[in-house]
1. Only one of these is under 23 Å from the mean Cα position of the chain (by Cα) and modelled with pLDDT under 85: B:107, B:121. Name it.
2. Residues to consider are B:153, B:157, B:179, B:166; find the one that is of a type in the set (A, V, I, L, M), surrounded by fewer than 17 Cβ atoms within 10 Å (Cβ to Cβ) and touching a residue at least 12 places away in the same chain (Cβ under 8 Å).
3. Is the stretch A:94-103 home to any residue that is surrounded by fewer than 23 Cβ atoms within 10 Å (Cβ to Cβ) and among the hydroxyl-bearing types (Ser, Thr, Tyr)?
4. Among the residues of the stretch A:145-192, how many are within 16 Å of residue A:98 (Cα to Cα) and within 14 Å of another protein chain (Cβ to nearest Cβ)?
5. Only one of B:13, B:61 is on the phi > 0 side of the Ramachandran plot and touching a Gly at 6+ places or on another chain (Cβ under 9 Å); which?
6. For residue A:286, state whether it is within 10 Å of chain B (Cβ to nearest Cβ), out of contact with any Ser or Thr (no Cβ under 7 Å at 6 or more places or on another chain), small (Gly, Ala, Ser) and under 23 Å from residue A:30 (Cβ atoms).
7. If residue A:253 satisfies every condition in (1) loosely packed, with under 15 Cβ neighbours inside 10 Å; (2) in contact (Cβ under 8 Å) with a residue 12 or more places away in the chain; (3) not β-branched (Val, Ile, Thr) but one, which is the exception?
8. Scan the stretch A:1-48 for residues that are polar (S, T, N, Q) and at pLDDT below 80 and jot them down.
Amino acid sequence: MSVTATTAETQPFGRRAKRFMTDYPLVPLIVLLLLLVLVLNIMQPGIVNQRWIANSVKFAIPLALLAGCQTMTMLTGGIDLSVGTVATMAAFFVATQAVDNPTAVAIVIALVPALLIGFANGIGVGVFRVHPLIMTLGTSLIGVGFLQVYQRTVIASGAKVPDSLTWLGTGLTWGIPNALLLFVPVAAFLIFMQRRTGFGRLLYAIGDNERATRLAGVKYWQVILALYMLSSVLAGIMGLLYIGLIRAPSLSLAEPLVLPSVAAAVIGGTSIFGGRGGYTGTIIGALILTVLTTLLTILQMPEGARRILFGAIVLLVTAAYLRIIEER
Amino acid sequence: MIRTLRQNGWVVGLIALFVLLFIVTKLIQPNYGAGDFNSLVRAVLPYAFAVAAQTMVVIAGGIDLSVAAMMALTSVTAASMMDGASEEYALFVVPFVLGLGLVLGAVNGILIVVTRVPDIVVTLATLFMLQGVALLVLGAPGGAAAEWLKALVVGTVPIPGVPESVAAWIPKSLVLLAVLLAVVWIPLRRSKLGLSIYAIGSNPLAAFRSGVPVARTKIAAYAIGGLFAAMGGLSLTMSTGIGAPIPGPYLLASVAAVVLGGVALGGGKGGLLGPIIAVFILRLVRTDLTLLAIDPNVTAIVEGVILVAVVMFGAFITMRSRPS
């Protein structure tokens, strides 16, 4: 123990800092988050209070849920771009079905398209070996088509957001967002799954070396199928929560969150090439992006500039991770 | 003879499929005439350029996810520059926008070469960035196009010595497409650069060892792809008269047409003719669905399913042909 300590001290500071960042990737992330909050507080003194924090958390949760889909799929070297459409479909279905049905039934109906799209993604990626990016883009295109057809059939009956979802999405209990009631168990489940279960290990294994994993006897397509279905269901759940937060069903409800969800996972330290990362970092990544969005809103940055910035973040962080991996 | 046929078997098959579909169209709608063909070609135009852009990049062993966003950006740039400007000013706008496409494509290539991040990730990031720039250029659909530019894609070409009934089947937009693609593609195919592009797509390591400048060739392939995307953006502005900052459904369509056109997604194989015919086929299927009086939204679903099925098929073929 002491030997390693002395050798570490003789190394130059730059390498030690890099070493520290690769060993504890969460620490610099949390520092970055606090730094952003500090900048925000300097620019607009007094903005950071309990209400602001509760509000930020409320908006970070849907993003973190979608980023959870990206984290899981990215661990295997994939990506899921259909999450925006899946979430929108779930939200739209629940709002329109809740008019005639009890909420529980509406929720079940709303999750059916999520399962179907996840199934199609899983088959396409797992069995036919289409690149996940293209496959999920295609299924999301089909999903949008279905949504438009469906919209015309329910145009007369109108829409209603179930009260329970509004309570969950917008409500506060003693200043704490109710959405945490949903998020904390989901996050705990995801982190437990990634770290402690065989399925989680398989995700890392496939992302690390797919060929070796298959030679080791893993049924690749089964894992991928389960993964993409899980990802879609998670996106569907996010849609249910999001409709409670936004309270206005539309055909492009969750679409603007797709890019930030990829960015959140990448910032959180999940490698887009697969095999490294985890959900804990993604949660902090989602918080960072939410604070950053507030910052950009205060600076009156237009939507276009925000997209440029998020795209640049994805590219820069990915390039930086590549360098770190290569130096090892 | 047989050798050429075998080499171009895929393209011949595609042409046969196109003719077959055309007969089907004629059966569904006996009135389907030159005018309808004209509008088909005009609808194909932006898709065809998107496919050409994608083909270039895929042959070089990459993939360009930013093609639709690049078209949106070049389209809004052209439309907002021509807004309220004189007709002659457009003579300056067109080369400027084409140059812009060339530069944007080259930037994609440079980013891939310099950062060594895979093509698919880099172009995903630039897809978002270009979308953002397009929104900054023009917040909502708007702008204008010069009259002579719009006239370029409307109507037919009067060719002396050709009877009216035949000339009616040669729309201006088809001639424009053929000329623009040929001007770039044919010299390229015969040049050293073209050969290098095929070489790096088929085996980058072997190409490198044979003295092909892999990085430079890759950048060149992306730049030419960007040029085609700019043509696509211009054709969008030409046919609609405005520019829209939201990218159309060209990305998936371009990938599907490339696969259907016999270009291997791994790179190094195929030509430009196959994908272009493939995109005509895909559009004609859409026309048929519309003629069958199917709800346009359902048409979108069917089209999406076809595209996904084609891409799945292509991936399946690639998987089979790869020795593992």
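1. Every option except B:121 fails the conditions.
2. Result: B:157 is the single residue among B:153, B:157, B:179, B:166 that is of a type in the set (A, V, I, L, M), surrounded by fewer than 17 Cβ atoms within 10 Å (Cβ to Cβ) and touching a residue at least 12 places away in the same chain (Cβ under 8 Å).
3. yes
4. Total satisfying the criteria: 5.
5. B:61
6. no
7. (1)
8. Of the stretch A:1-48, the ones polar (S, T, N, Q) are A:2, A:4, A:6-7, A:10-11, A:22, A:41, A:44.
Of everything in the stretch A:1-48, those that are polar (S, T, N, Q) and at pLDDT below 80 turn out to be A:2, A:4, A:6, A:7, A:10, A:11, A:22, A:44.
The values are calculated or read from the model by the stated rules, or taken from the named source; none is laboratory data. Please read all numbers here as calculations on a predicted model, not as lab measurements. Methodologically, a virtual Cβ is constructed for each residue, glycine included, from the backbone with ideal geometry; neighbour enumeration extends over all protein chains shown.
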